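J.: Below is the structure I would like to discuss, written out as structure tokens.
The values are calculated or read from the model by the stated rules, or taken from the named source; none is laboratory data. For clarity, every value in this text was computed on a predicted model and none was experimentally measured. Cβ atoms come from the backbone with ideal geometry, glycine included; neighbour counts cover every protein chain shown.
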Amino acid sequence: MLNELANAIDTESSNVAGGRGMLIVVSSPSGGGKGTLIDRVLRTVPGVSYSISYTTRAPRGTEQDGHEYFFVLTAAFEEMIRRGEFLEWASVYGYLYGTSLAQVERELKAGHDIILEIDVQGAASIRKKIDDAVSIFILPPSFELLRQRLVARGTDSPADLERRLRGAPAEVEQHRNFQYVILNDDINRASQQLAAVIYAERARRERQSARLTETLADFGQFSGKL
Ligand code: 5GP
């Protein structure tokens with residue numbers, strides 16, 4: 001399955017980008033505001049889709065199965081691990097989370113770029129498996145603001161809240177392993193910056209080889225003849 005994915009990533013030609021679909025990994029501590037940023041980018045940047053993860057945690061607030069996540073029992077998640085159905089998975093704050101290989105494959109084949117909103121362990125697995133994945137870390141402006149956001153969300157149990165806050169400093173430390181860091185102090189600026197990273201990555205020469213072949217061949221036929 002992973003070989004097929006690598007092939008899809010290597011050979012598929014794409015859409016709006018004119019190259020092939022790319023994997024965009026976005027990580028931040030829980031409550032870092034990446035959900036809002038990503039929602040904006042999905043609404044404003046054409047050709048980007050979102051990987052809906054599987055998780056064993058219970059739905060929070062207004063979350064719906066198949067929308068934010070596919071909510072599954074631990075036994076079902078473990079069965080999916082056994083069947084090799086995850087591109088990556090990790091245990092985060094006491095629950096299991098995983099990215100569906102089939103979903104990612106489908107989107108890349110359709111020529112879409114796909115955003116994986118995953119934790120820093122998941123980001124590390126993707127970096128190991130997929131050389132040209134784009135990695136972006138969303139940095140909340142301060143620990144206190146992160147705490148306030150998590151408390152205001154009011155959807156985590158006190159134990160969950162504590163686990164998330166306790167994990168934040170180590171997660172933030174991991175920003176060094178990402179190609180891009182976006183400081184989320186202003187939602188407008190931060191979402192524009194996220195969109196800008198996607199547009200800039202699409203313009204990379206290596207990502208456009210399929211699209212450029214025809215144009216370069218066109219110029220090539222006049223080489224030395226004028
Ligand atoms: P939350 O429970 O707040 O929605 O997510 C908790 C953490 O799990 C966040 O850091 C989120 O990015 C991460 N996460 C969500 N889906 C996945 C996934 O498929 N794989 C991994 N590794 N982490 C995920």
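J.: Could you please find all residues in the stretch 117-131 being near the ligand (Cβ under 7 Å from one of its atoms) and either among the hydrophobic types (A, V, I, L, M, F, W, C) or at positive phi (or both)?
T.: Selection gives Ile118 alone.
J.: I would also like to ask the following. Which one of Arg189, Arg202, Arg166 is crowded, with 16+ Cβ neighbours inside 10 Å, of a type in the set (D, E, K, R) and either without any contact (Cβ under 8 Å) to a residue 12 or more places away in the chain or out of contact with any helix residue (DSSP H, G or I) (no Cβ under 7 Å at 6 or more places or on another chain) (or both)?
T.: Arg202
J.: If we keep just the residues of the stretch 14-40 that are in a loop (DSSP other than H, G, I, E, B), buried (at least 18 other Cβ atoms within 10 Å of the Cβ) and among the aliphatic types (A, V, I, L, M), which is modelled with the highest pLDDT?
T.: Met22
J.: Quick test of your reading of the structure: Asp113 fulfils all but one of (1) within 14 Å of the ligand (Cβ to nearest atom); (2) touching a residue at least 40 places away in the same chain (Cβ under 8 Å). Name the failing condition by number.
T.: Asp113 satisfies every listed condition except (1).
J.: If Leu108 satisfies every condition in (1) modelled with pLDDT of 95 or more; (2) touching a strand residue (DSSP E or B) at 6+ places or on another chain (Cβ under 8 Å); (3) more than 8 Å from the ligand (Cβ to nearest atom) but one, which is the exception?
T.: Every listed condition holds for Leu108 apart from (1).
J.: Give the residue that is modelled with the lowest pLDDT, with candidates limited to residues of the stretch 41-68 that are of a type in the set (Ser, Thr, Tyr) and in a loop (DSSP other than H, G, I, E, B).
T.: The residue in question is Thr62.
J.: Going by what's in this entry, would Ser91 be described as at pLDDT 95 or above, closer than 20 Å to Asn177 by Cα and either part of a loop (DSSP other than H, G, I, E, B) or within 12 Å of the ligand (Cβ to nearest atom) (or both)?
T.: Judged against the criteria, Ser91 is a match.
J.: Between a first residue in the stretch 80-100 that is within 15 Å of Thr56 (Cα to Cα) and a second residue that is more than 9 Å from the ligand (Cβ to nearest atom) and of a type in the set (Lys, Arg), which pairs have beta carbons less than 7 Å apart while being 6 or more apart in sequence or on different chains?
T.: Qualifying pairs under 7 Å: Tyr93/Arg163; Gly94/Arg163.
Condition check ((1) at pLDDT 95 or above; (2) under 17 Å from Ser51 (Cα atoms); (3) surrounded by fewer than 17 Cβ atoms within 10 Å (Cβ to Cβ); (4) within 9 Å of the ligand (Cβ to nearest atom)) across all residues:
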site	(1), (2), (3), (4)
Leu87	yes, yes, no, yes
Ser100	yes, yes, no, yes
Gln103	yes, yes, no, no
Val134	yes, yes, no, no
Ala152	no, no, yes, no
Pro158	no, no, yes, no
